[in-house]
């Protein structure tokens, strides 16, 4: 299906072997997306990173609203630049019959449709999951929403913060009486990743002779309750709502952040009794704590967390960060340095491993991190950030529209002009 639009495989055959590796494992797959903000754009960016062709359908009047969150990336929004590399932007007014007809023609040639519009928007367009199951039975149609159908919250709009709060994530982040939202857009990003994983699983099944099409629903709320698995399981079986403890963990102790003599912050962590013994005896020189029966098990140490944190904090305060980390490495204790975003941008580990690439944008090249997966023989495409409607004419031409037809559609307002 997708080969008709892909333009990177003229024979229509599926590439194999080294050629497939070079083109990407999803080469020949075409994804059409009606997306906003982060969750769906992250899903489709992941698919594009693996070689899929991603056609982003946007409203001619402003497009994806994440384009306008800020203008810090050479006049472009940081969220948009992060989530939309390598996509083709097609500006269609889906409220006009001609615009909707073009979308349907795109779906005729596509393998996957991804969407995360407002509740009920897909049904109003006549391209909801139930309709697509009949009109496009070979299409994998994935819809991201806030709360999933059939519940008392199903009608509500859902943004990352709202869902994190509803799912309890804010209650286990921060400090007692001072809840906080986890900094990254955890609900959006994780939902996008679960969505991409679902699509890849269905594509694998199709390649093995399974059903070709399917409808998939992924909600931010279901994703966040999955990520809350430990906290929910603990509370369900103990009846206790664990209180947030900043950069520590309610599950293990000692495990947290400590100031060093040179004003830095080191993170030290233990995950089992053997590590605790090494930390107490070999790192901070406190065999008395190691031998004390009050601290022999992790559950006991969690109860006495403040005592252990005080002892570790006193030792760290006497030494510079470099020495603390050197000694922790030597005795086999997990450790890291507390970094700000600006320090991570310049992180020597990223530089040494050549993790930065340059990508094009309408306003000039900018740096971007490679995707996390490192696949032998495959370099992710790291394509350009699209301008609004930049690829409208080329995509429509690929569908068989002539220049005069495109001009007429533009005159009607059914398609937009490129930025």
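Laboratory data are not the source of any read-out in this text; all were calculated from the coordinates shown. What you see is a predicted model; the values in this text were computed from it and never measured. Note: ideal-geometry Cβ built from the backbone for every residue, glycine included; neighbour counts use all protein chains shown.
Tell me, 271, 44 in order of fewest to most beta-carbon neighbours within 10 Å? Walk me through the intermediate numbers first.
Values: 271 13, 44 28.
By the 10 Å Cβ count, ascending: 271, 44.
Pick from 368, 40, 317: which is most flexible by mean-square fluctuation in a GNM of the chain where alpha carbon atoms under 10 Å apart are linked?
317
Between residue 265 and residue 317, what length in nm is gained on full extension when 0.36 nm per residue of separation is reduced by their alpha carbon distance?
Details: separation 52, 0.36 × 52 = 18.72 nm, distance 0.97 nm.
Value of the extension gain: 17.7 nm.
From the Cα gyration tensor of region 148-205, with a ≥ b ≥ c the square roots of its eigenvalues, which class applies: rounded if a/c is under 1.5, or else prolate if a/b is larger than b/c, or else oblate? Please list the in-between numbers first.
Details: a/c = 3.28, a/b = 1.66, b/c = 1.97.
Oblate is the answer for region 148-205, as a/c is 1.5 or above yet b/c matches or exceeds a/b.
Using a Gaussian network model of the chain with C-alpha springs under 10 Å, which one of 204, 31, 57 is most mobile by mean-square fluctuation?
Taking springs between Cα atoms under 10 Å, the residue moving most is 204.
Which of 38, 252, 374 moves most in a GNM of the chain, Cα contacts under 10 Å?
Residue with maximal mean-square fluctuation among 38, 252, 374: 374.
Rounded to the nearest 500 deg cm²/dmol, what is the calculated helix-only ellipticity per residue at 222 nm for the chain, with -39500 (n - 2.57) per DSSP H run of length n ≥ 4?
Details: 20 runs with 167 residues, N = 419.
Computed ellipticity for the chain at 222 nm equals -11000 deg cm²/dmol.
I want the antiparallel fraction of DSSP beta bridges within the chain, as a percent rounded to 5. Provide the component values of the computation, followed by the final result.
Values: 17 of 39 bridges.
Among the beta bridges of the chain, antiparallel pairing accounts for roughly 45 percent.
Normalising by the residue count of region 255-337, find the relative contact order in percent from Cα pairs under 8 Å and 6+ residues apart. Please report the intermediate quantities before stating the final value.
Details: 105 pairs, mean separation 37.6, N = 83.
It comes to 45 percent, rounded to a whole number.
Can you give the % of DSSP beta bridges in region 18-123 that are antiparallel, to the nearest 5?
Working: 1 of 13 bridges.
Among the beta bridges of region 18-123, antiparallel pairing accounts for roughly 10 percent.
Compute the separation of the alpha-carbon centres of region 230-275 and region 276-351 and state it in Å as a whole number.
Rounded to whole Å, the Cα centres lie 12 Å apart.
Return the Cα extents of the chain along principal axes one, two and three, sorted largest first, each rounded to a whole Å.
The Cα atoms of the chain stretch 84, 48, 44 Å along their principal axes.
Helix 305-316 versus the longest principal axis of the chain: what is the Cα-based angle in degrees, 0 to 90, to the nearest 10?
The answer is roughly 80 degrees.
If you rank 109, 275, 226 by fewest surrounding Cβ atoms within 10 Å, what's the result? Walk me through the numbers before you get to the answer.
On the way: 109 17, 275 21, 226 13.
Ascending number of Cβ neighbours within 10 Å: 226, 109, 275.
Within 10 Å of each residue's Cβ, count the other Cβ atoms and sort 265, 340, 173, 191 from fewest upward.
On the way: 265 15, 340 7, 173 18, 191 32.
The fewest-first ordering by Cβ neighbours comes to 340, 265, 173, 191.
What relative contact order, as a whole-number percentage, does the chain give when Cα pairs under 8 Å and 6 or more residues apart are counted? Could the numbers behind the result be given before it?
Values: 740 pairs, mean separation 77.4, N = 419.
Relative contact order, the chain: 18 percent.
Quick one: helix 97-109 against the long Cα principal axis of the chain, what's the angle to the nearest 10°, folded into 0 to 90?
Tilt of helix 97-109: around 70 degrees.
Which angle from 0 to 90°, rounded to the nearest 10, does the C-alpha axis of helix 403-412 make with the longest principal axis of the chain?
The helix 403-412 is inclined about 70 degrees to the chain.
Run the quick spin-label model on residue 347 and residue 68: label points 7 Å from Cα toward the beta carbon, then report their separation in nm to one decimal.
Label-label distance for residue 347 and residue 68, simple model: 3.4 nm.
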